[in-house]
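Participant: Quick one: structure below, then a few questions.
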Amino acid sequence: MASVTLRRLSKVFDGGIQALHHLDLDVHDGELLVLLGPSGSGKTTVLRCIAGLEEPTSGDVVIGDRVVTHAAPAERDVAMVFQTPALYPHLTVRENIAFPLELRGVSGAQVTRRVVEAAGRLGLDNALDRMPAQLSEGERQRAALGRAIVRGPQAFLLDEPLSKLDAKLRIELRGELLALHGALGATMIYVTHDQTEAMTMGQRIAVLHEGRLRQVGTPEEVYQRPADVHVARSVGTPGMNVLQGRGRGTGDEGRVIEAGSLVIPVELSTYEGELQLGIRPEYVGLCAVDKGVGNGDVLVVEPLGSETLVHLNVGGQPLVARLPGFADVRVGRRVGVKVDRRRLYLFDAAGAPFA
């Protein structure tokens, strides 16, 4: 396996559309790094530049100690797995997995051994002689992973490989991928827009927004200490509430933050003027009207079993509260809002953290 390094990587497509802006990123040897961002953030473009399927406009791609910026895809020794398993429909699972080895002229006995070993890791032992059309969606994606694994590449590039699967199967294969990474000690770069996948799979998460790298850190770091408003909203399910507000002094009463219908006494800042107030849904609670820091109208209630998400309108701004269990809340009701003041985040008007 090998490290992957991006140095000032930029990509401009025809028409002047800039997909990547001077990206610097170090993926450690043996690390599972998740690239997280919405559609159009540049995630897949990063993978394609690493794989050699896109030519960067500027900057370099380094795999191990070798600069491969202008090398052909076949010379990079990486394996890419896509959203849709690109299996050859006329070949069996065994033949699909063996195909990259046969292209390289690997001997027959070695091909057999490596195919059986890869299939065993992925639970495909009994499916080797079946055709792709005879497989379930999960089995097809496992076969595509097997074709990547059998090569023993320096790095795996996984482009939202679970996005086409149903929720139960996604959870199952997520666990299998983590186990596979642990068994192989492989360098993996995993692209997703799914915050749950990012938080549960990544040893580190790299958050992209509009082609710019906003933050790289452990799941705990990007969740607890977001680098800006974009990261705060991107990480977490749902993401952080961010309200437009204003800080001001109130004479003998100290200082408050006003955001929508909320008026929150604070000690953490002397800032006055426009700001953005962040608060995670789990630190928002409901109470009797006029007993909290403001009031809100219930717009949507999402009971999820272990928790209930309540969507509120607080003075014209959206706010989500995460409540335990099945909460007795009705749409259209006016409620009081309380917040954990120890868990507030302040951002300036441009979205940068304010200390």
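The values are calculated or read from the model by the stated rules, or taken from the named source; none is laboratory data. Because the structure is a prediction, the values reported are computed rather than measured. Cβ placement follows ideal geometry from the backbone for every residue including glycine, while neighbour counts extend to all protein chains displayed.
Participant: Pro265 passes all but one of (1) surrounded by 14 or more Cβ atoms within 10 Å (Cβ to Cβ); (2) touching a helix residue (DSSP H, G or I) at 6+ places or on another chain (Cβ under 9 Å); which number fails?
Facilitator: (1)
Participant: Ala86 - would you say it is surrounded by fewer than 19 Cβ atoms within 10 Å (Cβ to Cβ) and touching a residue at least 12 places away in the same chain (Cβ under 8 Å)?
Facilitator: yes
Participant: Within region 145-167, can you find the residues that are within 21 Å of Val115 (Cβ to Cβ), of a type outside the set (A, V, I, L, M, F, W, C) and part of a loop (DSSP other than H, G, I, E, B)?
Facilitator: Arg151, Gly152, Pro153, Gln154, Pro161
Participant: In region 194-218, which residues are farther than 24 Å from His21 by Cβ, of a type outside the set (A, V, I, L, M) and in a helix (DSSP H, G or I)?
Facilitator: Thr196, Glu197, Thr200 - these are the residues of region 194-218 that are farther than 24 Å from His21 by Cβ, of a type outside the set (A, V, I, L, M) and in a helix (DSSP H, G or I).
Participant: For region 322-340, check the following and say yes or no: at least one residue is free of Cβ contacts under 8 Å to residues at least 60 places away in the same chain, part of a strand (DSSP E or B), outside the structural domain of Val229 (by TED's automatic domain parsing) and touching a Cys at 6+ places or on another chain (Cβ under 6 Å).
Facilitator: yes
Participant: Let me confirm something: among Leu165, Leu213, which residue is in contact with an Asp or Glu (Cβ under 8 Å, 6 or more places away or on another chain) and farther than 26 Å from Asp77 by Cα?
Facilitator: Leu165
Participant: I would also like to ask the following. How do the strands (runs of 3 or more DSSP E) wholly within region 231-276 filter down when requiring 1 or more residues that are under 14 Å from Gly351 (Cβ atoms) and at pLDDT 80 or above: which remain?
Facilitator: By residue number, 241-249.
Participant: Please determine whether any residue of region 153-170 is under 30 Å from Gly273 (Cα atoms), assigned by TED's automatic domain parsing to the domain that holds Ala127 and either surrounded by 24 or more Cβ atoms within 10 Å (Cβ to Cβ) or not β-branched (Val, Ile, Thr) (or both).
Facilitator: Within region 153-170 (the criterion being under 30 Å from Gly273 (Cα atoms), assigned by TED's automatic domain parsing to the domain that holds Ala127 and either surrounded by 24 or more Cβ atoms within 10 Å (Cβ to Cβ) or not β-branched (Val, Ile, Thr) (or both)), the answer is no, since none of the residues qualifies.
Participant: Quick one: would you say Leu91 is out of contact with any strand residue (DSSP E or B) (no Cβ under 9 Å at 6 or more places or on another chain), surrounded by 14 or more Cβ atoms within 10 Å (Cβ to Cβ) and not hydroxyl-bearing (Ser, Thr, Tyr)?
Facilitator: So Leu91 fits the description; yes.
Participant: Within 18 Å of the chain's Cα centre (by Cα), in the same structural domain as Gln203 (by TED's automatic domain parsing), farther than 16 Å from Ser3 by Cβ and crowded, with 17+ Cβ neighbours inside 10 Å: does that describe Leu20?
Facilitator: For Leu20, the condition - within 18 Å of the chain's Cα centre (by Cα), in the same structural domain as Gln203 (by TED's automatic domain parsing), farther than 16 Å from Ser3 by Cβ and crowded, with 17+ Cβ neighbours inside 10 Å - is met.
Participant: Would you confirm whether any residue within region 305-312 is in a loop (DSSP other than H, G, I, E, B) and surrounded by 13 or more Cβ atoms within 10 Å (Cβ to Cβ)?
Facilitator: There is no residue in region 305-312 that is in a loop (DSSP other than H, G, I, E, B) and surrounded by 13 or more Cβ atoms within 10 Å (Cβ to Cβ).
Participant: What is the one condition in (1) in a loop (DSSP other than H, G, I, E, B); (2) over 25 Å from Gly30 (Cα atoms) that Ala109 does not satisfy?
Facilitator: With (1) in a loop (DSSP other than H, G, I, E, B); (2) over 25 Å from Gly30 (Cα atoms) applied to Ala109, the lone miss is (1).
Participant: Something else now. Give the residues of region 117-144 that are hydrophobic (A, V, I, L, M, F, W, C) and surrounded by 15 or more Cβ atoms within 10 Å (Cβ to Cβ), sorted by residue number.
Facilitator: Passing the criteria: Ala118, Ala119, Leu122, Leu124, Ala127, Leu128, Met131, Leu135, Ala143, Ala144.
Participant: Now a separate question. Can you pull out every residue in region 32-76 that is among the basic types (Lys, Arg) and within 17 Å of the chain's Cα centre (by Cα)?
Facilitator: Lys43
Participant: Which residues, taken from region 1-49, are part of a loop (DSSP other than H, G, I, E, B) and among the aromatic types (Phe, Trp, Tyr)?
Facilitator: The answer is none; no residue qualifies.
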